[in-house]
Amino acid sequence: MIKQILGKIPRKPSKSSSHSDLNGDGRVANGGSSLNSSYGLNSNGTLKSNSKSANTGSGGSHSGNGTVAPLSTSSNRTNQAKKLAPSIASQVGPVMSPGAYEALPSFRDVSSSEKPNLFIRKLHMCCVVFDFNDPAKHLKEKDIKRQTLLELVDYVSSVNSKFNEVTVQEITKMVTANLFRTLPSSNHDSKVAETYELEEEEPTLEPAWSHLQIVYEILYRFVASSETDAKLAKRYIDHSFVLRLLDLFDSEDQREREYLKTILHRTYGKFMVHRPFIRKAINNIFYQFIFETEKHNGIAELLEILGSIINGFALPLKEEHKLFLVRALIPLHKPKCVSMYHQQLSYCIMQFVEKDVKLADTVIRGLLKYWPITNSSKEVMFLGELEEVLEATQAAEFQRCVVPLFHQIGRCLNSLHFQVAERTLFLWNNDHIRNLITQNCKVILPIIFPALEKNTRGHWNQAVQSLTLNVRKIFLDADPTLFDECLMRFQEDEITEREKQEKRQSTWKKLEDVAASKAISNEAVLGSMFASSVSIAVSANQLATAGG
């Protein structure tokens, strides 16, 4: 009786039988929710499609971008339900089961209203990252992902409406999942700085480039697209995103660095709010490179971006930009591997000098500060850059630095490396520089005349001697009186130097004679001292014996 009464009482529904039934492992159990009535779970944890349930809908489904997609036909829905499973599973984790990662329908096979929803699903699907270290692994899935990425490129390029917030978020999520990774340690990390010769090494190519290239293309087209709202996108392409993008510039794969260069430049142009931060972040990379590691693969590409940025600086230049020149660009001449990025660095320096001629003195003094002493090839590069700067220098700035500059030029004229001496003499082939030198002849000639004379009389290279004679003639034609004065002074200095040398040799000769004479007398003194010490010892022994 009691059992019959209790059986009639309605039971309170338990949590385990509620709308979203959960298994012990936290997954949704089959038959619990409307989602699971269409997509059940396989034993391996991936989603499977129940076609009968999938054919029954409630009249419409909400797409990922907030619009309502119309119902498709029964067969299409069944097919889409099967292919949607991998995109949902990819949010849980990488799908490695061959049967779970399948291609979604093409954009050509769906209506225009369904394309935004399909785009989101394809983005979800492409968040799965495959291991390319094993070329024979997941070949089918890798090819499916590659084809899907290519479809995403076409969609981003052809879209004719603004990307909404959900779409922007999903694009950045997919890009983050694929691009932002720990780079392998560089080949040159284990080498000392003196052997920094990367052009002789084989760079490490990114094995996943077949996927990464397309992801970079998607990011580039997304940033460059007129349908991307900067005010909305800046919430997701934020400071953290930019920093992680900058970290990738240390990649050894030049193809990757080229894409990064283009994308960062577009980002700088589109997101004005990020411009100061990007400049500061690049500065920090330079500081670490100059003063700590002297190892980075992307300095040339970063300087190339900065060359374009500096070109757009408004006049008059801000103090912040001048400090960037003094604290970052000029010290970049210091590292031993400057040859790897010198062309881009020289371009950036020239942009500053052309925008503000008063900075020429600062640049020239900076070059003199970091002028190489024992590296001849680096010295030739410095002379080339110096010529470019001097060509843009006005008379007032030239006069400020003329004395230290031509002391260094004099040292270069006497270099035993013929290319250094030859490159220095080529400065006189430049009309503007020759005019500046002629105008300041009274200051310059006394400084470099000894170097010219030494080259004329005794440099081992015939070409250097010939060029020196040409330069000597330029000075003679410009001011014969000054030239004669310098020649007389040089001859006087030669006589004085010769006298000093003779006096020095005479002094050394006297010292040697004194040392020789003392050496002989010391032998006699030592002999007498030895004899006296022996006699004293004998006497002491005799006294001791008598006492005993």
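Mean silhouette area of the stretch 260-391, derived from the convex hull of its C-alpha atoms and averaged over all directions, reads 7.8 nm². Stretching Phe277 away from Asn375 to a fully extended chain increases their span by 31.7 nm, per 0.36 nm per residue minus the current alpha-carbon distance. Of Ser185, Ser251, the order by accessible heavy-atom surface (1.4 Å probe, DNA, RNA and ligands excluded), from most exposed downward, is Ser185, Ser251.
Each label point was placed 7 Å from the Cα along the Cα-to-Cβ direction; for Ser240 and Arg327 their separation is 2.7 nm.
Between the stretch 228-257 and the stretch 407-422, what is the C-alpha centre distance in whole Å? The stretch 228-257 and the stretch 407-422 have Cα centres separated by 45 Å.
On the stretch 195-350, 51 percent of the accessible area sits on carbon and sulfur atoms, based on a 1.4 Å probe. Rounded to 0.05, the FRET efficiency of the Phe490 and Leu511 pair, given R0 = 25 Å and the Cβ-Cβ distance, is 0.20. Between Ala396 and Lys358, the simple label model (points 7 Å from Cα in the Cβ direction) yields a spacing of 0.8 nm.
As a fraction of the 1.4 Å probe accessible area of the stretch 356-515, surface on carbon and sulfur atoms comes out at 53 percent. If the segment from Arg411 to Asn435 were pulled out straight at 0.36 nm per residue, it would be longer than the present Cα-Cα gap by 6.5 nm.
Listed by chain and number, the aspartates and glutamates placed with their C-alpha closer than 17 angstrom to that of Lys334 are Glu194, Glu197, Glu292, Glu294, Glu379, Glu385; residues fewer than eight positions away on the same chain are left out. When the trypsin sites (Lys or Arg not before Pro) in the stretch 275-344 are filtered for DSSP coil states and for at most 12 other beta-carbon atoms within 10 Å of their beta-carbon, the remaining sites are Lys318. With N as its number of residues, the stretch 409-454 has a Cα radius of gyration that, divided by 2.2 N^0.38 Å, comes to 1.13.
Modelled this way, with points 7 Å down the Cα-to-C-beta line, the labels at Arg498 and Ser210 are 8.0 nm from one another. For Val153 and Leu315, the difference between the fully extended length at 0.36 nm per residue and the C-alpha to C-alpha distance is 54.4 nm.
For the stretch 224-324, the per residue solvent-accessible surface stands at 46 Å², with DNA, RNA and ligands left out and a 1.4 Å probe.
The values are calculated or read from the model by the stated rules, or taken from the named source; none is laboratory data. Because the structure is a prediction, the values reported are computed rather than measured. All Cβ positions, glycine included, derive from the backbone under ideal geometry; neighbour counts span all protein chains shown. These area figures cover heavy atoms from the full protein model, side chains too; ligands, DNA and RNA do not enter into them. Shrake-Rupley method; radii C 1.70, N 1.55, O 1.52, S 1.80 Å.
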